[in-house]
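Please read the structure below before turning to the comments.
The values are calculated or read from the model by the stated rules, or taken from the named source; none is laboratory data. The shown structure was predicted, so the numbers you read here are calculated from the model rather than taken from an experiment. Virtual Cβ from ideal backbone geometry, glycine too; neighbours counted across all protein chains shown.
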Amino acid sequence: MKLLKWLLGIAAVAWAGQYVLALLLPNLAMETLYFLGNKRQGYNQLVVAPVPDEHSRQVVRPSPDLLYASCIYNLKEGALTIEAPVPERYWSMQFYQMNTDNYAGITNQRAERDRVGSIARVTLISADQSPEDYEGEVVQSPTSRGVVLLRASAMGDRSQQQAALDASSCRPANTQQN
């Protein structure tokens with residue numbers, strides 16, 4: 001009987017523990033990414049990662065078929081402007097909050113195919129800012145900190161996609177690009 005109580009207790013703790021782990025792990029992963037990313041690249045600037053290989057871990061388990069660029073953002077100082085030329089082959093700009101939720105995205109696929117050849121210009125604002133105060137495409141972040149991830153196809157000739165990422169930027173909204 002004592003053994004049965006112990007086994008039931010262990011099962012109950014394990015069952016409850018999986019939910020605690022599921023709630024904490026994404027936040028812990030993003031806090032780690034945020035801390036290490038700030039040391040490597042700083043906040044509010046876009047960094048294009050080298051072409052991933054089997055040893056790359058800037059992005060968790062990166063695909064060798066994709067090129068990556070990231071902007072670790074902190075909106076406490078104000079809005080950001082993210083600009084990126086949109087190449088013909090696969091490309092996306094994804095916005096992640098600190099619990100790893102993807103809250104917005106832009107792509108050149110399907111219904112957004114008309115973006116090809118244009119420059120995606122997004123103003124990223126915090127939850128306490130009003131989208132009506134900004135012109136153009138505005139994305140409102142639910143958190144003041146997070147990550148913008150640009151991805152582009154690296155299959156075959158990747159020169160156009162690499163050039164698009166290299167020409168992309170993430171900067172405070174009140175500054176001009178050089």
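Residue-wise test of (1) farther than 23 Å from Met155 by Cα; (2) modelled with pLDDT under 95.
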site: Gln45; (1), (2): yes, yes
site: Arg57; (1), (2): no, yes
site: Ser70; (1), (2): no, yes
site: Tyr73; (1), (2): yes, yes
site: Ala84; (1), (2): no, no
site: Glu88; (1), (2): no, yes
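Of everything listed in (1) surrounded by 17 or more Cβ atoms within 10 Å (Cβ to Cβ); (2) at pLDDT 95 or above, the single unmet condition for Gln94 is (1).
In the set (1) under 21 Å from Gln41 (Cα atoms); (2) within 18 Å of the chain's Cα centre (by Cα); (3) modelled with pLDDT under 95; (4) of a type outside the set (Ser, Thr, Tyr), Leu124 fails one condition alone, (3). Of note, Glu112 does not satisfy the criterion of being surrounded by 12 or more Cβ atoms within 10 Å (Cβ to Cβ) and touching a residue at least 24 places away in the same chain (Cβ under 8 Å). Filtering segment 90-111 to residues that are of a type in the set (Val, Ile, Thr) and farther than 21 Å from Gly156 by Cα leaves Thr100, Ile106.
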